[in-house]
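The values are calculated or read from the model by the stated rules, or taken from the named source; none is laboratory data. This is a predicted model, so every value here is computed, not measured. Cβ atoms come from the backbone with ideal geometry, glycine included; neighbour counts cover every protein chain shown. Only protein heavy atoms, including side chains, enter the accessible area calculation; ligands, DNA and RNA are left aside. Shrake-Rupley method; radii C 1.70, N 1.55, O 1.52, S 1.80 Å.
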Amino acid sequence: MDIDIIPIPDAELKPLFDNPEELGFGRVFTDRMFTMEYTPARGWHAATIRKYEPLCLDPATLVFHYGQEIFEGMKAFASPGGQAVFFRPEDNVRRFNHSARRMCMPELDEQLMLDGLFRLVSIEGRWIPQKRGSALYIRPTMIAAEVGLGVRPATNYLYFVILSPVGPYFKEGFRPVRLCACDKYVRAVEGGVGEAKTGGNYAASLLAKQDAKEKGYNEVLWLDARERRYVEEVGAMNIFFVIDGVVCTPELSGAILQGITRKSVLQLAEHLGYPVAERRIAIDELVAGIMSGRVSEAFGAGTAASIAPVGEIGYKEKDYTINMTEAGPISRRLYEALQAIQFGEAPDPFGWTHKIDLH
Ligand SMILES: Cc1ncc(COP(=O)(O)O)c(C=O)c1O
């Protein structure tokens, strides 16, 4: 399918950000977006790159009422050679279609989705922040676009991609975060939609996150819905622990998002010679292990931070300190190794990166 590119007059282009350090996350958007429509008669059609602007949607559009929507989150980095580096983009595309199937939405042709992403980022190349640690965040999204009320899968859909230059996650160094293990609310349940990247999962997490923040924690550490015993993941990251020298993460249960960073960390850790395990990890095992010193490190893994060390976990009104609230050596090594691959500074023995030339 051809992509129709609608030119924007130079006078309408936005001024570029001044300091990538001050960008934060998701506050600045680029000049253009990608859009494409779906109808049962035509399938996916009208692939267009056009000016970023508000969407005009009828108040009765199904997405507003029943939340049939999915999205992805990925980054393009500036390489030293002046190209844009994508990190495992095929995995995001595959996960997008996985989410689409779960939410009764039409899948996208994987190559078409990739071509659209590469084309948009190539045209918007000037927006990729050059400073190490910053990136161009890419948000592909699909919404139910049919107008009408009634719970059913929509007939019509809108797919769009927006881009946002983002600053470094760690502005003041590789600082550990504090997590609160939540036994009051749950994020997702086996058989539910936890494995799909759909907005409702995030809406369901807000109250617990608000409570955790009020108590001084950065994020929620989710436990399984059935027993409130097994650790699942963090707000927007998968979770890892170093237990007896083994890099462990909860096994996928259907309720956990299948993180691309998670998968990469498992491969990278093994490559660097650390034993790894995917298994059920009970919160009581963790608490006992932290107290005995068997749990030597904890870290989150996700696109936003890549690796975020965890210094403290609160559970049942008590705080448990890991590695004296310092980032541990394995977390640090994985972080450095992952960042070097993502920024195109180190060889990529796994073939994870995809470089594109800028327009
Ligand atoms: C709930 C949740 N878990 C885990 C992750 C980490 O996934 P990834 O490494 O693909 O960014 C994310 C972020 O996308 C997330 O939103």
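Sub-8 Å Cβ pairs linking a first residue in segment 59-78 that is over 27 Å from Leu114 (Cβ atoms) to a second residue that is open to solvent by 30 Å² or more (accessible area, probe 1.4 Å) and part of a strand (DSSP E or B), at least 6 apart or interchain, are Ala60/Val147; Thr61/Val147; Leu62/Val147, ordered by first then second residue. Counting the residues of segment 253-275 that are out of contact with any Pro (no Cβ under 7 Å at 6 or more places or on another chain) and within 16 Å of the ligand (Cβ to nearest atom) gives 16.
Look through Ala181, Ala196 and report the one residue that is in a loop (DSSP other than H, G, I, E, B) and open to solvent by less than 10 Å² (accessible area, probe 1.4 Å).
Ala196
The single condition from (1) assigned to a loop (DSSP other than H, G, I, E, B); (2) in contact with a helix residue (DSSP H, G or I) (Cβ under 8 Å, 6 or more places away or on another chain) that Leu163 fails is (1). Asn156 fulfils the conditions (1) closer than 30 Å to Gly125 by Cα; (2) away from the ligand (no atom under 16 Å from the Cβ); (3) in the same structural domain as Ser122 (by TED's automatic domain parsing) except for a single criterion, (1). Considering every residue within segment 280-298, establish whether at least one is within 14 Å of the ligand (Cβ to nearest atom) and either of a type outside the set (A, V, I, L, M) or crowded, with 20+ Cβ neighbours inside 10 Å (or both). Checking segment 280-298: not a single residue is within 14 Å of the ligand (Cβ to nearest atom) and either of a type outside the set (A, V, I, L, M) or crowded, with 20+ Cβ neighbours inside 10 Å (or both).
Yes or no: Ala236 in contact (Cβ under 8 Å) with a residue 60 or more places away in the chain and within 16 Å of the ligand (Cβ to nearest atom)? Don't jump to the end; show me each part of the working.
Values: in contact (Cβ under 8 Å) with a residue 60 or more places away in the chain: yes; within 16 Å of the ligand (Cβ to nearest atom): yes.
Yes.
From the list Glu190, Glu227, which residue is modelled with pLDDT under 95 and over 24 Å from Arg27 (Cα atoms)? Checking each option against the conditions leaves just Glu190.
Once segment 5-40 is narrowed to residues that are of a type in the set (Lys, Arg) and in contact (Cβ under 8 Å) with a residue 60 or more places away in the chain, the residue that is nearest to Val147 (Cα to Cα) is Arg32. Applying the criterion of being over 18 Å from the mean Cα position of the chain (by Cα) and free of Cβ contacts under 8 Å to residues at least 24 places away in the same chain to the residues of segment 244-284, the residue that is farthest from Asn92 (Cα to Cα) is Gly273. The set of residues in segment 305-340 being within 15 Å of the ligand (Cβ to nearest atom) and surrounded by fewer than 18 Cβ atoms within 10 Å (Cβ to Cβ) consists of Gln339 alone. Within segment 285-298, being among the small types (Gly, Ala, Ser) and touching a residue at least 40 places away in the same chain (Cβ under 8 Å) holds for Gly289, Ser296, Ala298. For segment 240-255, the criterion of a residue being farther than 30 Å from Phe71 by Cα, of a type outside the set (Asp, Glu) and open to solvent by 20 Å² or more (accessible area, probe 1.4 Å) is satisfied by at least one position. Residue pairs whose Cβ atoms lie under 8 Å apart, sitting 6 or more positions apart in sequence or on different chains, and linking a residue in segment 121-148 that is assigned by TED's automatic domain parsing to the domain that holds Leu55 to a partner that is among the basic types (Lys, Arg) and in a strand (DSSP E or B), are Ile123/Arg32; Glu124/Arg32; Ala135/Lys75; Leu136/Lys75; Tyr137/Lys75; Ile138/Lys75. Taking residues in segment 312-325 that are touching a residue at least 60 places away in the same chain (Cβ under 8 Å) and farther than 15 Å from Phe299 by Cβ, and partners anywhere that are assigned to a loop (DSSP other than H, G, I, E, B) and open to solvent by less than 30 Å² (accessible area, probe 1.4 Å), the pairs with Cβ atoms closer than 9 Å and at least 6 places apart or on different chains are Gly314/Tyr217. With respect to the conditions (1) assigned to a loop (DSSP other than H, G, I, E, B); (2) in contact (Cβ under 8 Å) with a residue 40 or more places away in the chain; (3) away from the ligand (no atom under 16 Å from the Cβ), Gly351 lacks only one, and its number is (2).
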